[in-house]
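Worksheet: one structure, shown below.
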Amino acid sequence: MTRTIVALDFSSKEEVHSFLQQFNEPIYVKIGMELTYACGLDIIREVKASGHKIFLDLKLHDIPNTVRGGMKNLAGLGVDIINCHCAGGIEMMKAAKEGILEGTPAGQTPAKLIGVTVLTSVSQEAMNTELGIPGTVKDTVVRYAQNAKAAGLDGVVCSVHEAEAIHEACGSDFLTVTPGIRLAGNTSDDQKRIATPEYAREQGCDMIVVGRSITKAKDPVSAYREIEETISHGRV
Ligand code: C5P
């Protein structure tokens, strides 16, 4: 199984097609709000029809009834992973799960549902002072992960720095999907809690999400292969 998920943070179908046609094999991609809002849900159907696996990163966060309905409508797309914010609470996460189960066509495997903990672009200082959440980022992320597990989710999105603590608290089967990945020498951009693919492997992350370090590389396919080689020698 590939463990690198490439974030297709593009704004047109043309960019997606020219990026994906460089690869000879199906890969795991992440489609988020930038691409979905530019191209609509058809782009998800197209990428899936080309054989790629999809993590649909729309980060649902609303009252439980609305999230249930949203997830029910997204479940028909047949994506592999989908997410909602843990900050919406346990009842909302349970509703998200129910929506997926209700909307998955008979005979199809429901998408795995993962919860977004604290965004990797949020520093400890911003969490404490702007968001008003006291304590360490790690404590908040672990509490969110425990809530996600209680709600029946399959895992969480977190930074590499919290993956080990989450596996200790929630078990090794509980998925940790980690963005904020940067190669040595890359700029951090807007991300704050970053780490290299090597460190992600050492920390036991199940899957890593990589955007700009691959999509903006001179040779995206080589960058992808190098990262996949590094991470796939991990524990899974
Ligand atoms: O370009 P970069 O590798 O920073 O992209 C990371 C991707 O992961 C972006 O698409 C971003 O939306 C997503 N993401 C994140 N932090 C989270 C959840 C998702 O960076 N907590």
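The values are calculated or read from the model by the stated rules, or taken from the named source; none is laboratory data. Since the model is a prediction, treat every value here as computed from it, not as a measurement. Backbone-built Cβ (ideal geometry, glycine too); neighbour counts: all protein chains shown. In case anyone asks, the SASA skips ligands and DNA or RNA and just uses the protein heavy atoms, side chains included. Shrake-Rupley method; radii C 1.70, N 1.55, O 1.52, S 1.80 Å.
Quick notes on this structure:
- Residues of region 155-180 classified as more than 11 Å from the ligand (Cβ to nearest atom) and either touching a residue at least 60 places away in the same chain (Cβ under 8 Å) or of a type in the set (F, W, Y) (or both), total: 2
- When each of D154, D189 is tested for being at pLDDT below 95 and touching a helix residue (DSSP H, G or I) at 6+ places or on another chain (Cβ under 9 Å), the lone residue that passes is D189.
- Any chance K59 is modelled with pLDDT of 95 or more, touching a helix residue (DSSP H, G or I) at 6+ places or on another chain (Cβ under 6 Å) and not hydrophobic (A, V, I, L, M, F, W, C): no
- Scope region 148-161; condition over 23 Å from I214 (Cβ atoms) and open to solvent by 30 Å² or more (accessible area, probe 1.4 Å); matching residues: K149, A150, G152, D154
- Pair list, Cβ < 8 Å and 6+ apart or interchain, from region 184-200 residues that are touching a residue at least 60 places away in the same chain (Cβ under 8 Å) to residues that are open to solvent by 50 Å² or more (accessible area, probe 1.4 Å) and away from the ligand (no atom under 11 Å from the Cβ): R193/H161
- Annotation: I194 fulfils all but one of (1) within 10 Å of the ligand (Cβ to nearest atom); (2) more than 20 Å from K59 (Cβ to Cβ); the unmet one is (2).
- Residue within region 125-147 that is assigned to a strand (DSSP E or B), at negative phi and either open to solvent by less than 30 Å² (accessible area, probe 1.4 Å) or more than 16 Å from the ligand (Cβ to nearest atom) (or both) present: no
- Output for region 46-79, where each listed residue is in a helix (DSSP H, G or I) and either more than 19 Å from I5 (Cβ to Cβ) or in contact (Cβ under 8 Å) with a residue 40 or more places away in the chain (or both): P64, N65, T66, V67, R68, G69, G70, M71, K72, N73, A75
- Considering the conditions (1) more than 16 Å from the ligand (Cβ to nearest atom); (2) in contact (Cβ under 8 Å) with a residue 40 or more places away in the chain, G99 is excluded by exactly one of them, (2).
- Being open to solvent by less than 10 Å² (accessible area, probe 1.4 Å), in contact (Cβ under 8 Å) with a residue 60 or more places away in the chain, within 16 Å of the ligand (Cβ to nearest atom) and outside any helix (DSSP H, G or I) is a property that holds for I114.
- Unmet requirement for D9, which otherwise passes all of (1) acidic (D, E); (2) in contact with a helix residue (DSSP H, G or I) (Cβ under 9 Å, 6 or more places away or on another chain); (3) not in a loop (DSSP other than H, G, I, E, B): (3)
- Top-ranked residue of region 162-181 - restricted to ones that are open to solvent by 20 Å² or more (accessible area, probe 1.4 Å) and not in a helix (DSSP H, G or I), ranked as farthest from N147 (Cα to Cα): P179
- Of everything listed in (1) open to solvent by less than 30 Å² (accessible area, probe 1.4 Å); (2) modelled with pLDDT under 95, the single unmet condition for A184 is (1).
- Pairs, first closer than 12 Å to F55 by Cβ and near the ligand (Cβ under 9 Å from one of its atoms) in region 26-37, second open to solvent by 10 Å² or more (accessible area, probe 1.4 Å) and outside any strand (DSSP E or B), C-beta under 7 Å, six or more apart: G32/D9
- Failed item, numbered, when K216 is tested on (1) within 16 Å of the ligand (Cβ to nearest atom); (2) closer than 23 Å to V116 by Cα; (3) among the charged types (D, E, K, R); (4) loosely packed, with under 14 Cβ neighbours inside 10 Å: (2)
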